[in-house]
Amino acid sequence: MNNSSVEIVIEKMGDMLGIGDVVFPIMASCFIVMSFIYVYIRSRNMTLSLAVANVSGVVFAIMGIIPLYAIAMLISGSLFIVWNYSQNGEDTITYPESYRERMIKAYEAKFGGENTAFNEKLDSHIKAVESLRKGYTRSVHMDALKRLEKFVELRK
């Protein structure tokens with residue numbers, strides 16, 4: 001089946017879903033084989049219900065198919081999620097840096113080292129802004145933090 005249209009369609013569907021070239025055809029063929037086996041097993045009940053003029057038999061026979069398809073979809077969906085998760089490597093948890101840490105890193109990047117006086121000044125302004133409510137004193141500390149941002153050239 002070299003470069004046939006079926007193979008191209010399967011490859012494009014695999015790429016669209018983010019599943020590899022080898023895994024997607026296997027998953028699709030397993031799903032199709034399971035569906036045919038289930039329909040074959042259930043066909044006796046369906047043909048018997050079609051022979052009877054009662055429509056409820058057909059409805060119940062079709063309703064019997066729904067749970068297997070739902071289970072097959074859940075299994076293939078979970079396999080897809082596990083495969084996608086393993087491909088992305090999203091097993092590391094990253095926490096966003098605090099404002100204080102970003103300011104200290106910007107200072108270290110600009111001046112090439114740590115300065116305890118700058119850290120203490122930064123901590124005092126941050127503590128004042130966090131503890132004070134609206135007012136002149138809080139705005140003074142906010143302005144001081146903005147000046148420190150410009151001083152260390154912090155990018156947002």
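No value in this document is a laboratory result; all are computed from the given coordinates. All values derive from a computational prediction rather than experimental measurement. Cβ placement follows ideal geometry from the backbone for every residue including glycine, while neighbour counts extend to all protein chains displayed.
Stokes-Einstein diffusion for the stretch 99-152 at 20 °C, viscosity 1.002 mPa s, with a Kirkwood radius from C-alpha pairs, works out to 187 µm²/s. Projected label points at residue 116 and residue 136, each 7 Å from Cα along the beta carbon direction, are separated by 3.5 nanometres.
Remark: spin-label model distance residue 38-residue 143 equals 7.1 nm, labels positioned 7 Å along the Cα→Cβ axis.
Taking other C-beta atoms within 10 Å as the exposure proxy, 125, 141 rank 141, 125 from fewest upward.
Annotation: lysines with alpha-carbon distance below 22 angstrom to residue 150 (same-chain offsets under eight excluded): 105, 110, 121, 127.
At full extension, residue 30 and residue 73 could sit 14.3 nm farther apart than now, given 0.36 nm per residue minus the alpha carbon distance.
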